[in-house]
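Working notes, structure below.
The values are calculated or read from the model by the stated rules, or taken from the named source; none is laboratory data. Since this is a predicted model, take the numbers as computed values, not measurements. Positions of Cβ are backbone-derived with ideal geometry, glycine not excepted, and every protein chain shown enters the neighbour counts.
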Amino acid sequence: MISKTSLPILAVVIVLCISCTTEQNEPVFSVEGKLYSTDVEHVLLSQAKGLNANQFDVVDTLSVHADSTFSSSYRLEPHYYRLRIHDSLRVPFIADSGQHITINVPAKGEYKVSGSPDTDLFEEYEQFRMEVLRETVYPIRGQLEDLREENNPKDAARIQKLGERVVQAEQNYRDTLIHAVKKMGTSIAIYPTMVRWNGDKHLDYYEELAADFSEKHKGLEVAELVSEKVRILKQVSLGGKVSEIVAPDTSGVERSLYDNLGTYTLIDFWGSWCGPCRSESDHLASMYNQYNSSGFEIFGFGIEYEKDRWIRAINEDNRIWINVSTVDGYSNDIAEAYAITAIPKNFLVDENGIIIAKDIHGQQLEEKLEKLFSEK
């Protein structure tokens, strides 16, 4: 039985429950747009996943009306999304709570996203990133690719030097990007930029950013991903202990990193398709031949997509040390555990798997090994 005195309390509870239900059912964000085309019957909405935001799961199919418009509202989490208009056009955008996002696609295939300040921040970042690439990396990379295509033995030394310059230019490029990230504050737009974060030089900043981001976006998947990314960056910094690698070699035999550690071991992430990686093969072979009898090992992990091409590159480049690969590009637990999002990338570790140097190439590697083994 309900007494008269309990009625006011019950009324308050009912109102609160109705309020909660209403809030849960309210859309988090909405998407609408116009294609200026009658050829497309539907578009696909996908949500990014993983630490590198380079994989997407389809979460909805939006019908395109006769007037080439589409619209829908969602109770999905604030996140990084992508709208696939057709096979050659994908429109990325960031959706946060309360945003009404409009996507217009003119006939020429260009697009305009409005209603999302977070997307504006991400587009500014991408524009800055491409400008840096065009000015600092592409010219040197082009020279290297031209020389490698000519395949003139007389250019071997020049190819090696150009490869070292490309690696350095790409490292500088990634370091520069932090200036654009800092402009984003704690916007969800920082999530897709994580793929290029450099924890060696900016770990303190990223740790602080992850804490602030998690506080602002508490409970969201993107907050967990940002925190996990920073944890991995910290683990693979100087002084950290590397994770085990177990993967098949060219014969399909599983090989273990920790079963093959030398006094010092260079864990080399490379690819048959990577010009700068291939350009340092001769120098690595020289260092291996010089110091292997003293305890130097190389453990190569191929970021590969085709097994035959990987094996052919190993043979052509005389990479006689242990080489393994899961032959699935960057989409594997090993690349994730080592924060590998670009190659070449390497880690010099001691006999216990402790990182004593990173991204060390050419003359730097030679001098480091000479110093280490002279002290033994």
Scan of segment 111-124 for residues that are outside any strand (DSSP E or B), more than 19 Å from the chain's Cα centre (by Cα) and of a type outside the set (Phe, Trp, Tyr), ordered by number: Gly115, Ser116, Pro117, Asp118, Asp120
Among the residues of segment 74-110, write down those that are in a loop (DSSP other than H, G, I, E, B) and among the basic types (Lys, Arg). Arg75, Lys108
Hey, among the residues in segment 325-376 that are out of contact with any Lys or Arg (no Cβ under 9 Å at 6 or more places or on another chain) and of a type in the set (Lys, Arg), which one's nearest to Ala169 (Cα to Cα)? Lys368
Conditions: (1) modelled with pLDDT of 90 or more; (2) within 30 Å of Leu35 (Cα to Cα). Val132 meets all but one. Number of the miss? (2)
Return the residues of segment 147-197 that are hydroxyl-bearing (Ser, Thr, Tyr) and in contact with a strand residue (DSSP E or B) (Cβ under 9 Å, 6 or more places away or on another chain); say none if nothing qualifies. Ser187, Tyr191
Could you give me the residue pairs with C-beta distances under 8 Å whose first residue belongs to segment 142-163 and is touching a residue at least 12 places away in the same chain (Cβ under 8 Å) and part of a helix (DSSP H, G or I), whose second residue is of a type in the set (Val, Ile, Thr) and surrounded by 15 or more Cβ atoms within 10 Å (Cβ to Cβ) wherever it lies, and which are 6+ apart or on separate chains? Leu144/Ile159; Leu144/Val166; Leu147/Ile159; Arg148/Ile159; Leu162/Ile140
Among the residues that make up segment 179-186, is at least one of them surrounded by fewer than 16 Cβ atoms within 10 Å (Cβ to Cβ), in contact (Cβ under 8 Å) with a residue 40 or more places away in the chain and outside any helix (DSSP H, G or I)? yes
Test result for Leu89, buried (at least 18 other Cβ atoms within 10 Å of the Cβ) and under 27 Å from the mean Cα position of the chain (by Cα): no
Which of (1) buried (at least 18 other Cβ atoms within 10 Å of the Cβ); (2) closer than 30 Å to His79 by Cα does Val167 not meet, given it meets every other one? (2)
Do you know which of the residues in segment 153-210 that are under 17 Å from the mean Cα position of the chain (by Cα) and among the small types (Gly, Ala, Ser) is nearest to Ala95 (Cα to Cα)? Ala189
Being surrounded by 14 or more Cβ atoms within 10 Å (Cβ to Cβ) and of a type outside the set (Lys, Arg) narrows it down to one residue among Glu123, Glu150; which is it? Glu123
From (1) assigned to a helix (DSSP H, G or I); (2) among the β-branched types (Val, Ile, Thr); (3) over 26 Å from Pro139 (Cβ atoms), pick out the condition that doesn't hold for Thr193. (3)
